[in-house]
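These notes concern the structure reproduced below.
The values are calculated or read from the model by the stated rules, or taken from the named source; none is laboratory data. These numbers come from a predicted model, not from an experiment. Don't worry about glycine lacking a Cβ; one is built from the backbone with ideal geometry, like all the others, and counts go over all protein chains shown.
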């Protein structure tokens with residue numbers, strides 16, 4: 001990261017003559033890291049979509065894939081050719097659904113840290129430019145003061161008096177030739193006037209020489225300052241138009257330097273406002289995603305407990321129809337909460353959360369349809385949504401549907417009980433193919449994205 005050198009008096013030092021004005025932008029590293037984190041997010045979103053689609057029935061996966069207009073990557077749809085693994089290089093580990101969710105949280109945390117570092121860099125660059133503008137103003141003030149003093153010196157009373165005395169001296173010389181009787185007096189007067197002329201002229205010449213030398217030194221310092229400015233230019237928008245740094249050092253002026261640094265300060269302040277907005281969006285979005293994960297985890301835990309109850313009762317020969325109704329109600333409540341969070345993300349234009357929450361909501365809707373069909377219920381609430389995008393107003397370029405398979409936990413049920421109890425058979429089948437992903441570890445290690453900031 002290129003920064004300006006500061007001395008002990010907090011004054012910017014000029015860059016050496018041999019230093020190039022084309023240097024690395026301090027924001028290039030930030031942008032590269034941001035792009036890398038975005039790529040990691042895309043990988044995690046693909047892994048999340050793969051994990052969610054793996055838990056749905058095969059027919060539902062095909063229908064959802066046909067509705068999406070986003071092309072599936074070639075490495076996911078085409079049959080994979082045998083890959084040659086280099087020596088001493090382990091194969092790439094597949095990301096689980098739980099790992100994808102946590103990875104999204106950690107990546108959002110990394111984006112937050114990166115944006116805060118970018119804001120710190122912007123603050124440092126702004127301070128450097130304010131100091132440069134202040135020094136430019138100081139040079140302008142000195143230069144104008146010396147020029148004004150020089151102009152006043154050339155037209156003051158002493159200069160006029162010298163001219164008058166010279167004219168009087170010539171007049172007296174003529175009178176000396178005419179008035180021999182007044183020769184001694186006039187010679188004395190002439191000697192006095194000549195001495196005064198000499199003293200005043202020497203004083204004037206000395207003052208003029210001092211001011212001229214000072215003005216020449218200031219101009220030389222200003223030219224050296226402009227030839228090697230203490231601040232390197234930002235590469236942002238540098239290709240659009242020529243900048244102050246692209247001119248020959250002899251053609252640069254202090255006014256041009258001030259205008260350039262003031263324009264850069266305006267761009268930095270604008271970028272700082274954008275970074276502040278992104279930080280605020282990441283913080284709010286992290287809280288919303290944490291609520292979504294908590295809601296889904298609570299439903300999965302409840303689903304696991306209720307399916308366990310059905311299995312225990314079926315072993316005793318009892319049938320409890322209230323448990324499927326309770327599961328349907330829990331599904332509806334969870335979907336309403338997800339739809340509310342999805343609507344909030346759409347209003348805020350949070351594309352990352354729109355994709356993540358939309359994928360979770362789509363999985364719930366597909367699982368609910370399968371569950372209702374298995375139990376013979378009529379899905380009045382969502383029957384009118386067939387053929388529509390169940391995820392809401394999600395930008396199609398953010399949807400990623402993959403056909404990769406990942407293991408799904410399921411409830412182990414005695415085969416004899418399936419034959420005796422159709423209701424138990426349907427619920428056990430749903431636990432294998434539906435959207436319920438029972439994993440007790442999901443409830444033990446939930447990490448809040450902004451816990452370290454609060």
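Out of 97, 112, 150, one residue alone is at pLDDT below 90, surrounded by 13 or more Cβ atoms within 10 Å (Cβ to Cβ) and closer than 30 Å to residue 279 by Cα. It is 97. Suppose the filter is within 26 Å of the chain's Cα centre (by Cα), at pLDDT 90 or above and closer than 17 Å to residue 30 by Cα; does residue 235 pass it? For residue 235, the condition - within 26 Å of the chain's Cα centre (by Cα), at pLDDT 90 or above and closer than 17 Å to residue 30 by Cα - is not met. Would you check if residue 130 is at pLDDT 90 or above, part of a helix (DSSP H, G or I) and loosely packed, with under 15 Cβ neighbours inside 10 Å? For residue 130, the condition - at pLDDT 90 or above, part of a helix (DSSP H, G or I) and loosely packed, with under 15 Cβ neighbours inside 10 Å - is met. Identify, please: which residue in the stretch 244-265 is within 17 Å of residue 25 (Cα to Cα) and without any contact (Cβ under 8 Å) to a residue 60 or more places away in the chain and is, among those, nearest to the chain's Cα centre (by Cα)? Top of the filtered list is 263.
From the list 42, 33, the lone residue that is closer than 20 Å to residue 113 by Cβ, in a helix (DSSP H, G or I), at pLDDT 90 or above and under 16 Å from the mean Cα position of the chain (by Cα) is 33. With respect to the conditions (1) surrounded by 12 or more Cβ atoms within 10 Å (Cβ to Cβ); (2) at pLDDT 90 or above, residue 257 lacks only one, and its number is (2). Given the condition modelled with pLDDT under 85, surrounded by 14 or more Cβ atoms within 10 Å (Cβ to Cβ) and part of a helix (DSSP H, G or I), answer yes or no: does some residue in the stretch 177-189 qualify? Scanning the stretch 177-189, I find at least one residue that is modelled with pLDDT under 85, surrounded by 14 or more Cβ atoms within 10 Å (Cβ to Cβ) and part of a helix (DSSP H, G or I), so the answer is yes. Evaluate the following for residue 346: is it modelled with pLDDT of 65 or more, closer than 17 Å to residue 51 by Cβ and assigned to a helix (DSSP H, G or I)? Spelling it out, it is not the case that residue 346 is modelled with pLDDT of 65 or more, closer than 17 Å to residue 51 by Cβ and assigned to a helix (DSSP H, G or I).
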